[in-house]
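First comes the structure, then the notes that go with it.
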Amino acid sequence: MNAATASLSLSHSGSALSANYSLSCISKSSNKQLNFLPSKTNLCLQKRISLSLSVHLSSSSDGARLVVEDDLHAFLQILPSDLRDRLQNDSKRGQLLEVILDLGRLPEARYLGEFGGKYLRSTEVSVEELEYAQSAVGEFGGDNRAGIEGTLHRISAIRSRKGAIVGLTCRVGRAVSGHIDMVYDLLHYGKSILFVGRPGVGKTTVMREIARVLSDEFQKRVVIVDTSNEIGGDGDIPHSAIGTARRMQVPEPSLQHKVMIEAVENHMPEVIIVDEIGTEAEAHACRSIAERGVMLIGTAHGEWLENIIKNPILSDLIGGVDTVTLGDEEARARRCQKSILERKAPPTFYFLIEMRERHYWVTHKTEKSVDMLLRGKTPLVEIRKRDDRFNVVVDRWKTYDRHDI
């Protein structure tokens with residue numbers, strides 16, 4: 001089978017990290033991998049599962065390695081035959097992010113690291129093509145999301161006012177092993193970690209690998225509350241990328257908080273993993289779980305710690321914010337106004353990580369950073385990034401700056 005060559009560029013703070021790599025689509029039955037540079041890796045990366053796509057990134061004999069697993073063949077099967085053939089022969093198929101099918105418009109492919117999209121043909125998407133894709137995927141849930149059984153691919157629908165599907169966003173799901181070394185040391189503390197970052201920065205990918213490492217290597221009882229089947233994939237049998245972690249599916253997105261509590265009460269987990277915490281009920285469920293001594297790994301809507309502080313629904317995750325009126329002497333002693341903002345309670349999450357880019361993270365000790373920001377001061381943080389050899393570099397005691405990228 002022919003290998004397609006592609007290039008990946010990573011950048012932060014005006015500098016660029018780059019690595020060239022080769023992609024080879026290989027069937028699961030062949031059990032072959034394409035290795036193009038020798039590398040030593042952490043023991044946490046040694047365990048392998050059956051691959052349909054393998055990518056190794058390294059630029060030196062002691063460089064780190066990323067392994068990417070996907071099932072692009074299954075993804076392409078839901079597309080019209082002409083689009084399927086074109087993408088199968090596309091030299092950039094290893095960087096394919098999503099395919100957009102909107103009724104009456106040209107089909108479009110979007111790629112990692114590229115702005116905008118690329119039209120795949122000169123004729124518009126038809127009703128029949130949308131119906132074919134819908135039948136190949138199956139029933140959509142209340143959140144208008146569906147998946148392809150046994151894979152991590154996600155299909156999201158746009159509906160008309162009458163409920164008919166008039167658009168599909170077909171997103172490629174990939175299990176990436178190797179991101180865990182960005183946070184591996186923090187897992188040893190057994191403390192809860194909250195990830196924030198814009199969509200597409202890789203939060204769910206990291207959650208999936210954390211589930212595998214905590215269950216397989218740390219031998220923890222891990223339960224994933226998987227509302228949209230994004231972490232464990234579609235179907236009743238979860239994807240092997242989560243290791244031996246157990247997965248609880250959620251019938252409706254509005255019931256996520258109830259399933260979180262059910263997981264704790266019925267299955268005795270040591271760790272609960274939940275994606276996209278976004279409602280007051282879910283924030284309260286997180287606090288209840290943390291108070292029972294269960295480690296939480298979660299993601300929330302927002303790009304920065306300040307977004308969580310200012311969000312009245314999610315601020316409980318970082319301890320909540322209250323307005324306090326000081327006495328005259330106290331205000332003079334603090335050299336501040338009489339009405340100030342203070343944290344109400346201990347934060348649910350001990351660590352908060354801002355994923356600015358896939359390979360550039362800002363790590364907070366939540367309690368200290370929140371208190372400093374509420375007092376109008378600048379906290380000290382850890383910057384976690386990869387160097388030009390793709391190794392993780394941790395810069396400690398850095399001054400926090402939300403605009404430092």
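Going highest first, how would you order 305-313, 133-141 by mean Cβ packing within 10 Å?
305-313, 133-141
Computed over the Cα atoms, what is the radius of gyration of segment 310-350 divided by 2.2 N^0.38 Å, N being its residue count?
Cα Rg divided by the expected 2.2 N^0.38 Å: 1.37.
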For this session: For segment 82-207, build the charge dipole from Cβ charges (+1 Lys, Arg; -1 Asp, Glu) around the Cα centre, then report which of Gln134, Gly173, Phe115 sits farthest towards its positive end.
Result: Phe115
Seminar exercise, completed: In terms of the alpha carbon gyration tensor, root eigenvalues a ≥ b ≥ c, rounded if a/c is under 1.5 and otherwise prolate when a/b exceeds b/c or oblate, segment 176-399 is oblate
For this session: Please say if segment 191-231 is rounded, prolate or oblate, where rounded means a/c under 1.5 for a ≥ b ≥ c the square roots of the C-alpha gyration tensor eigenvalues, and otherwise the choice is prolate for a/b larger than b/c and oblate otherwise?
Result: prolate
Exercise. Ordered by packing density, taken as the mean number of other Cβ atoms within 10 Å over each peptide's residues, highest first, how do 263-269, 189-195 rank?
Worked result: 189-195, 263-269
Exercise. For segment 214-226, in order, what is each residue's ³J(HN,Hα) by Karplus, 6.51 cos²θ - 1.76 cosθ + 1.60 with θ = phi - 60°, in whole Hz (x at glycine and Pro)?
Worked result: 5, 7, 8, 8, 8, 6, 8, 7, 10, 10, 9, 8, 10
Exercise. Among Thr323, Ala241, His257, whose Cα lies farthest out toward the positive end of the dipole of segment 226-347, if unit charges sit on the beta carbon of Lys, Arg (+1) and Asp, Glu (-1)?
Worked result: Thr323
For this session: Please work out, to two decimal places, the log10 of the ratio I(q)/I(0) at q = 0.17, 0.18, 0.24, 0.25 Å⁻¹ from a Debye calculation in which every Cα of segment 258-337 carries one identical scatterer.
Result: -0.71, -0.76, -1.09, -1.16
Seminar exercise, completed: Magnitude of the Cβ-charge dipole (Lys and Arg +1, Asp and Glu -1) of segment 153-257 about the Cα centre, nearest 20 debye, reported as 460
Seminar exercise, completed: Quick calc, segment 130-194, dipole around Cα centre from Cβ unit charges on Lys, Arg (+) and Asp, Glu (-), nearest 20 debye, gives 320
Problem set entry | Semi-axis lengths, Å, segment 71-173, gyration tensor of Cα atoms, sqrt of 5 times eigenvalues | 20, 16, 13
Exercise. So how strong a dipole does segment 104-214 carry about its Cα centre when Lys and Arg Cβ are +1 and Asp and Glu Cβ are -1, to the nearest 20 debye?
Worked result: 320
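What order, most packed first, do the peptides 143-152, 319-328 have when packing is the mean number of other Cβ atoms within 10 Å of each residue?
So the peptides 143-152, 319-328, ranked by packing, come out 143-152, 319-328.
Every number in this text was worked out from the coordinates using simple rules, so none of it is lab data. Computed from a prediction, not measured in an experiment: that's the story for all the values here. Virtual Cβ from ideal backbone geometry, glycine too; neighbours counted across all protein chains shown.
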